[in-house]
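Reading through the structure tokens given below for one structure.
The values are calculated or read from the model by the stated rules, or taken from the named source; none is laboratory data. This structure is a prediction, so every number in the text was calculated from the model and none was measured. Quick reminder, even Gly has a Cβ in these numbers, built from the backbone with ideal geometry, and neighbours come from all protein chains shown. Ligands, DNA and RNA are stripped out before the accessible areas are found, and what is left, the full protein with its side chains, is counted by its heavy atoms. Shrake-Rupley method; radii C 1.70, N 1.55, O 1.52, S 1.80 Å.
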There are 2 protein chains.
Amino acid sequence: MKIATWNVNSIRARQQQVRDWLQENPVDVLCLQETKVVDQDFPRAPFEQLGYHLYVSGQKAYNGVAILSRTPVEEVSTGFSPIVGDTQARDFDQQKRVICGTVGEVCIVNLYVPNGSSVGSDKYDYKLRWLKVLREYLQILKAKSPGAMCVCGDFNVAPENRDIHDPSDKESHIMASPAEREALQEVLAIGLADTFRKFTSEGGHYSWWDYRTRAFRGNRGWRIDHHYLTPDLYERATNCKIDILPRKLPKPSDHTPVIVEF
Amino acid sequence: MKIATWNVNSIRARQQQVRDWLQENPVDVLCLQETKVVDQDFPRAPFEQLGYHLYVSGQKAYNGVAILSRTPVEEVSTGFSPIVGDTQARDFDQQKRVICGTVGEVCIVNLYVPNGSSVGSDKYDYKLRWLKVLREYLQILKAKSPGAMCVCGDFNVAPENRDIHDPSDKESHIMASPAEREALQEVLAIGLADTFRKFTSEGGHYSWWDYRTRAFRGNRGWRIDHHYLTPDLYERATNCKIDILPRKLPKPSDHTPVIVEF
DNA sequence: GCCAGAGTAG
DNA sequence: CTACTCTGGC
């Protein structure tokens, strides 16, 4: 089974690129982030024509997640509150950043973690609080679902220094600050492991390059899109690769797909 | 001598198409409307390289007119106020819609008449008042210049029913309402004649097709781009043609060029 | 800086 | 439908 994650930075702007990529890479499941479209306007037909079932949770202009799957997805739910159920979770669900469902015996969670803007900002605080709720959410989901879990998406956190082109002076940089790295580690402590690092130890592998400053040309990137697996699944994983080709196209997303296989 | 008029709907978006067209159609003078660029940012070099002198009067985002000429243009002036000189004219000149100059013994006036939005609107009122000032402007210009006159551009008025694909129910439609047609006729009454109609009497010839509703595909167009000539010049005119080829290109202007020859 | 979307105009 | 500005995210 192949599961890919890709922050497409608008599904309407990237429709053709995502279609082309799926034809070259007929993964079983594709998790999208930053679809930037309300559910009603999501371009479903182009992907249904390629044989995918679609499950979307979007909003106007910002955020938005979607799962595309070759087989129907069971028990689909969107947002934190159907699982966590409190009013805090309901507040967070105003931003469409979470969708999950079960394919076969695997529970797939597709996330778009808040970016956080800059360390110390209100949005940074929101990101840290969001990650706390995420931990709760995943813990409950894990207890509920007996099988394996794949938690993937755009985490907006580079877990280690080897996940950044130039780690110097990045302690106070968003996506690399100690507090968010620790918040991510507390999420993973429920029993999730970084699949990319099962296969690749060295640095220089990234999934996001800033549109500014010709970051892609100089490979000044960040590895912030991840697949986290529960132990059984992690053991069964046979591959985890970043496909940088879509980032080379004209008018690309600033992220590129990451694919796990097990 | 060949004089063309073309509403290009942004010279920056249409630069290559206008260049290509000029190489195929090396007219003596090309009058452009809706250049949509301030004079400082007008792409002069690409047209100078083709051997044209440029005279521009533009603004940010909207309107804007330009004259391109193989030979230098004398006595260039922009707006109503240098000719008409009152405060009302100065108000109208905030929108860049008028440029004129002399080539040989011909006074060429290049106009972008206000669209008027919809009959009865504030913009419609503005259009009617603008046409009144235009009449004054042309009258003074005619008295000043002893020679011939060519008044061309986007008039945003279809003078007769044969200038519209489907004239039914168009009495209350912008560009065909009685008041604007009458206002145009009062302008022409100073002694100007519609050159296209010297050569072609039947309907079905248009210079503008709405981007919406696939109007071009069905030839549901309007003839709103005109060359009006003073009597001598009208007599000497040997041809007046609409070139629909540019409207067939990908990403076209909604207007296509009209060329007069005398 | 380089993208999006929203709004505006035609 | 196509262009523009503006705003805002990253």
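Somewhere in region A:176-192, is a residue closer than 18 Å to A:Trp6 by Cα and either among the polar types (S, T, N, Q) or under 20 Å from the mean Cα position of the chain (by Cα) (or both)? Checked against the condition, which is being closer than 18 Å to A:Trp6 by Cα and either among the polar types (S, T, N, Q) or under 20 Å from the mean Cα position of the chain (by Cα) (or both), region A:176-192 yields no hits at all. Looking only at residues in region A:29-57 that are of a type in the set (Phe, Trp, Tyr) and more than 14 Å from DNA strand C (Cβ to nearest atom), the one that is nearest to the chain's Cα centre (by Cα) is A:Tyr55. Filtering region A:1-14 to residues that are within 15 Å of DNA strand D (Cβ to nearest atom) and either in a loop (DSSP other than H, G, I, E, B) or open to solvent by 10 Å² or more (accessible area, probe 1.4 Å) (or both) leaves A:Val8, A:Asn9, A:Ser10, A:Arg12, A:Ala13, A:Arg14. Is one or more of the residues making up region A:94-103 at pLDDT 95 or above, among the charged types (D, E, K, R) and within 29 Å of A:Met1 (Cα to Cα)? Yes; the residues of region A:94-103 include at least one that is at pLDDT 95 or above, among the charged types (D, E, K, R) and within 29 Å of A:Met1 (Cα to Cα).
Among the candidates B:Ala193, B:Ala176, B:Ala189, B:Ala158, the residue that is small (Gly, Ala, Ser) and under 21 Å from B:Phe80 (Cα atoms) is uniquely B:Ala189. Within region B:63-93, being on the phi > 0 side of the Ramachandran plot and at pLDDT 95 or above holds for B:Asn63, B:Gly64, B:Glu75, B:Gly79. Is it the case that A:Leu54 is more than 23 Å from A:Cys150 (Cα to Cα), modelled with pLDDT of 95 or more and surrounded by fewer than 23 Cβ atoms within 10 Å (Cβ to Cβ)? No. Determine whether A:Gln95 is touching a residue at least 12 places away in the same chain (Cβ under 8 Å), among the polar types (S, T, N, Q) and farther than 24 Å from A:Lys251 by Cα. For A:Gln95, the condition - touching a residue at least 12 places away in the same chain (Cβ under 8 Å), among the polar types (S, T, N, Q) and farther than 24 Å from A:Lys251 by Cα - is met. Take the residues in region A:78-111 that are outside any strand (DSSP E or B) and of a type in the set (Ser, Thr, Tyr); name whichever of them is least open to solvent (accessible area, probe 1.4 Å). In this case the residue turns out to be A:Ser81.
One residue stands out among those in region B:112-161 that are among the hydroxyl-bearing types (Ser, Thr, Tyr) and either in contact with a Gly (Cβ under 8 Å, 6 or more places away or on another chain) or open to solvent by 10 Å² or more (accessible area, probe 1.4 Å) (or both): the one that is farthest from DNA strand C (Cβ to nearest atom), which is B:Ser145. Scanning region A:28-58 for residues that are away from DNA strand D (no atom under 16 Å from the Cβ) and touching a strand residue (DSSP E or B) at 6+ places or on another chain (Cβ under 7 Å) yields a total of 14. Being open to solvent by 10 Å² or more (accessible area, probe 1.4 Å) and either touching a Leu at 6+ places or on another chain (Cβ under 8 Å) or farther than 27 Å from B:Met149 by Cα (or both) is the filter here; which residues of region B:27-51 pass it? Answer for region B:27-51, where residues must be open to solvent by 10 Å² or more (accessible area, probe 1.4 Å) and either touching a Leu at 6+ places or on another chain (Cβ under 8 Å) or farther than 27 Å from B:Met149 by Cα (or both): B:Val38, B:Gln40, B:Asp41, B:Phe42, B:Pro43, B:Arg44, B:Ala45, B:Pro46, B:Glu48, B:Gln49, B:Leu50.
The listed residues are A:Ser168, A:Ser172, and the only one of them that is free of Cβ contacts under 8 Å to residues at least 12 places away in the same chain, loosely packed, with under 15 Cβ neighbours inside 10 Å and polar (S, T, N, Q) turns out to be A:Ser168. If the condition is being open to solvent by 60 Å² or more (accessible area, probe 1.4 Å) and either in contact (Cβ under 8 Å) with a residue 24 or more places away in the chain or within 14 Å of chain B (Cβ to nearest Cβ) (or both), then region A:16-25 contributes only A:Gln23. Annotation note: Cβ proximity below 7 Å between a residue of region A:238-262 that is open to solvent by 50 Å² or more (accessible area, probe 1.4 Å) and a residue that is within 16 Å of DNA strand D (Cβ to nearest atom) (sequence gap 6+ or interchain) occurs for A:Ile244/A:Thr256.
Out of the residues in region A:195-227 that are among the charged types (D, E, K, R) and open to solvent by 10 Å² or more (accessible area, probe 1.4 Å), which is farthest from DNA strand D (Cβ to nearest atom)? Here the answer is A:Lys198. May I ask you to list the residues in region B:58-77 that are open to solvent by less than 30 Å² (accessible area, probe 1.4 Å) and within 16 Å of DNA strand C (Cβ to nearest atom)? Answer for region B:58-77, where residues must be open to solvent by less than 30 Å² (accessible area, probe 1.4 Å) and within 16 Å of DNA strand C (Cβ to nearest atom): B:Gly58, B:Asn63, B:Gly64, B:Val65.
Screening B:Ser201, B:Ser207, B:Ser177 for residues that are within 16 Å of DNA strand C (Cβ to nearest atom), of a type in the set (S, T, N, Q) and more than 22 Å from B:Leu32 (Cα to Cα) leaves exactly one candidate, B:Ser177. With respect to the conditions (1) within 15 Å of DNA strand D (Cβ to nearest atom); (2) without any contact (Cβ under 8 Å) to a residue 40 or more places away in the chain; (3) not in a helix (DSSP H, G or I), A:Trp130 lacks only one, and its number is (3). Taking region A:1-46, which residues are of a type in the set (Phe, Trp, Tyr) and either touching a His at 6+ places or on another chain (Cβ under 9 Å) or under 18 Å from A:Asp225 (Cα atoms) (or both)? Residues satisfying the conditions are A:Trp6, A:Trp21.
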